[in-house]
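Scroll down for the structure; my scribbles are underneath it.
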């Protein structure tokens, strides 16, 4: 049997009616910049093919039915599995039948640990992992007795020279290159430079988010040019480490740094955007590093000193992005087990509810004030010159 799966705030008032009008205009401009900027970034992120996603999920149904019924471990005759965009996590992998000889995992982003795979699939001969960014440890490879082929997409971290040497010495065909090693080393070096052992996971996440904000620039061309977006998607980690990209690059870099820092994280995607879901002290949050920095100075100030920010540690059900429960619009649906954990542990409050009903409005007003004051300074300078 062969199964293929694949936000009322008063206006800023001055004695001068004219100046007040300038500031009100500035406030409106600030609000427009924020809203339009966020929509612009999200609209320009990786454009995925909805038909591919749905067809993959359709092909997953048979194997997922066995899993939900608890019959997967005892299913016989399943030799080749191609599981793509499936709502699976480590529990699913740990229940694979021992008859599997070939396993292909693609975009199964909630899978983070394959250490039990040699026990569940002891006769595995071929393993292919593509864009499963949560997986970053491959020590389990050495436990297979019959493995003949192993392939990883280029953006996967965790590859070092020792792994390549092992594969070569044991005649295991692979596609690992020095680029895998170099990308992994760069991620390790970044983590060593910003993370210390005495930090809590929350402090680590804060440092990582600030690093991504300050070291990765959003390429606005990617919002309208399909070729540019496609390029960034082919090797997301490489371009992220080079300092430019679109949403997928922000998400993959955030994920890689979190993984190396010991934070449970995954990349979440819908048809047009990519961001991260992180687990801190048993609670799940959304972090969107591509959209946190719409107000650069304010965003960095809030993150550095207050550890808060728009699109930073949002409850999955209260965010403006795709709700975690809206599985039909996610490229990879969230596994039911994780959905239940989110419902049990999160308070489901929005950013505004958590940090004060006027804070977000205050941020917009603050930007408007800054723009208005800047405009006044310019007008006064021009008057003096005359």
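Of the numbered criteria (1) assigned to a loop (DSSP other than H, G, I, E, B); (2) modelled with pLDDT under 90; (3) closer than 24 Å to residue 90 by Cα, the one residue 269 fails is (1).
Contact map, the range 173-184: first residue over 11 Å from residue 153 (Cα atoms) and outside the structural domain of residue 142 (by TED's automatic domain parsing), second residue exposed (fewer than 13 other Cβ atoms within 10 Å of the Cβ) and at pLDDT 95 or above, Cβ cut-off under 9 Å, separation 6 or more or different chains; the map is empty. When each of 304, 349 is tested for being modelled with pLDDT under 85, in a helix (DSSP H, G or I) and either farther than 30 Å from residue 159 by Cβ or under 12 Å from the mean Cα position of the chain (by Cα) (or both), the lone residue that passes is 304. Would it be correct to say that residue 191 is surrounded by 13 or more Cβ atoms within 10 Å (Cβ to Cβ), modelled with pLDDT of 95 or more and under 19 Å from residue 278 (Cα atoms)? Answer is yes for this residue. Residues that are within 28 Å of residue 236 (Cα to Cα) and at pLDDT 90 or above within the range 37-81 comprise just one, 81.
Taken together, 60, 94 contain a single residue that is surrounded by 21 or more Cβ atoms within 10 Å (Cβ to Cβ) and not assigned by TED's automatic domain parsing to the domain that holds residue 252, which is 60. Between 229, 209, the distinction of being surrounded by 13 or more Cβ atoms within 10 Å (Cβ to Cβ), assigned by TED's automatic domain parsing to the domain that holds residue 290, at pLDDT below 90 and in contact with a helix residue (DSSP H, G or I) (Cβ under 8 Å, 6 or more places away or on another chain) belongs to 229 only. Just for the range 113-133: of the residues that are touching a strand residue (DSSP E or B) at 6+ places or on another chain (Cβ under 7 Å) and either at pLDDT below 95 or outside the structural domain of residue 77 (by TED's automatic domain parsing) (or both), which one is surrounded by the fewest Cβ atoms within 10 Å (Cβ to Cβ)? Among those that are touching a strand residue (DSSP E or B) at 6+ places or on another chain (Cβ under 7 Å) and either at pLDDT below 95 or outside the structural domain of residue 77 (by TED's automatic domain parsing) (or both), it is 130. Of 221, 260, all but one fail to be surrounded by fewer than 19 Cβ atoms within 10 Å (Cβ to Cβ) and assigned by TED's automatic domain parsing to the domain that holds residue 200; the exception is 221.
Before we move on, is residue 151 surrounded by fewer than 17 Cβ atoms within 10 Å (Cβ to Cβ) and either at pLDDT below 95 or part of a strand (DSSP E or B) (or both)? Yes.
Restricting the range 67-86 to residues that are buried (at least 22 other Cβ atoms within 10 Å of the Cβ) and either in a loop (DSSP other than H, G, I, E, B) or at positive phi (or both) leaves a set whose member that is nearest to the chain's Cα centre (by Cα) is 85.
The values are calculated or read from the model by the stated rules, or taken from the named source; none is laboratory data. This one's a predicted model, so the numbers in the text were calculated from it and none came from an experiment. Virtual Cβ from ideal backbone geometry, glycine too; neighbours counted across all protein chains shown.
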